[in-house]
Amino acid sequence: MQPATKLERTSLVDQAVEQLRSQIIDGSLPPGTPLPEGQISDSLGIARPTVREVLLRLQNDGLVQKQGRGLPLAVTRISREDLIDIFTARFHLEAAGGRSFDTATEKAREAVDRSLEELEAAVASSDRLAQVRLDSQCHTAIVGLTGSRRLVAAHTQLLVEARLAAVTSRGADRVVAVANHREFVDMLRAGQTEAACKQLERRMTVARERVLQNLPG
């Protein structure tokens, strides 16, 4: 019986983590929102020990942070310095993916093509939430060309942090330019790797400045 009970509890924690994660990522719980254990316990209908486990998971993922002694954890705020560092790290990871295009597996290249097709379909359907998610998927698929799961995991975390900053800056990530993604991949296929990386750097700079413009100091 003990293993079954443990599995049920793990499932409950996973569900609660995913629910709060979604609310944080979509802006329902904006950066800086306090997350008192009692309030979460009542809202989700779970015991406080489970809430603590959930919050610890979210803290390890960088989605919540300490506010100070005696205060509840709160949704993470991204500073301007953090944002600049996030985009710097993103560029180097995605450039590494671009430079790995020629040696990447066929499966990794197919993932890039599939991510572009899915993004194009989302843009055509005007599904805004899907566009944001699939735009991120396109960027992560490029990192996947490196063949490194750890680099992909690091990039995924950076995208979460970038999304938090975008929420703070009142949705400054709303521009999804499929043509830029397609041009980048076409350059890689044509062997124009460094030109593609330059194009990527320009895109990253524009995106970073767009968020910085509305991010509180």
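Results, tabulated for the structure shown:
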item: Accessible area per residue in Å² at 1.4 Å probe, computed on region 84-176; result: 50 Å²
item: Using θ = phi - 60° and Karplus 6.51 cos²θ - 1.76 cosθ + 1.60, couplings along region 97-109 (whole Hz; Gly, Pro as x); result: x, x, 6, 9, 4, 5, 9, 5, 6, 4, 4, 5, 5
item: Degrees between helix 2-25 axis and first principal axis of the chain (Cα, 0 to 90, nearest 10); result: 60 degrees
item: On Cα atoms only, tilt of 48-60 relative to the major axis of the chain in degrees; result: 20 degrees
item: Sum of side-chain charges, residue 179 neighbourhood, beta-carbon under 13 Å (Lys, Arg +1; Asp, Glu -1); result: -2
item: Cβ-defined net charge surrounding residue 121, 12 Å radius [Lys, Arg +1; Asp, Glu -1]; result: -3
item: Structure-based [θ]222 nm, the chain - -39500 (n - 2.57) summed over DSSP H runs of at least 4, per residue, nearest 500; result: -24000 deg cm²/dmol
item: Between 0 and 90°, nearest 10: helix 128-144 axis offset from the chain longest Cα axis; result: 70 degrees
item: Surface share of carbon and sulfur [accessible, 1.4 angstrom probe, percent] for the chain; result: 51 percent
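The values are calculated or read from the model by the stated rules, or taken from the named source; none is laboratory data. The shown structure was predicted, so the numbers you read here are calculated from the model rather than taken from an experiment. All Cβ positions, glycine included, derive from the backbone under ideal geometry; neighbour counts span all protein chains shown. Each accessible area value is taken on the protein alone, full model and side chains, heavy atoms only, with ligands, DNA and RNA left out. Shrake-Rupley method; radii C 1.70, N 1.55, O 1.52, S 1.80 Å.
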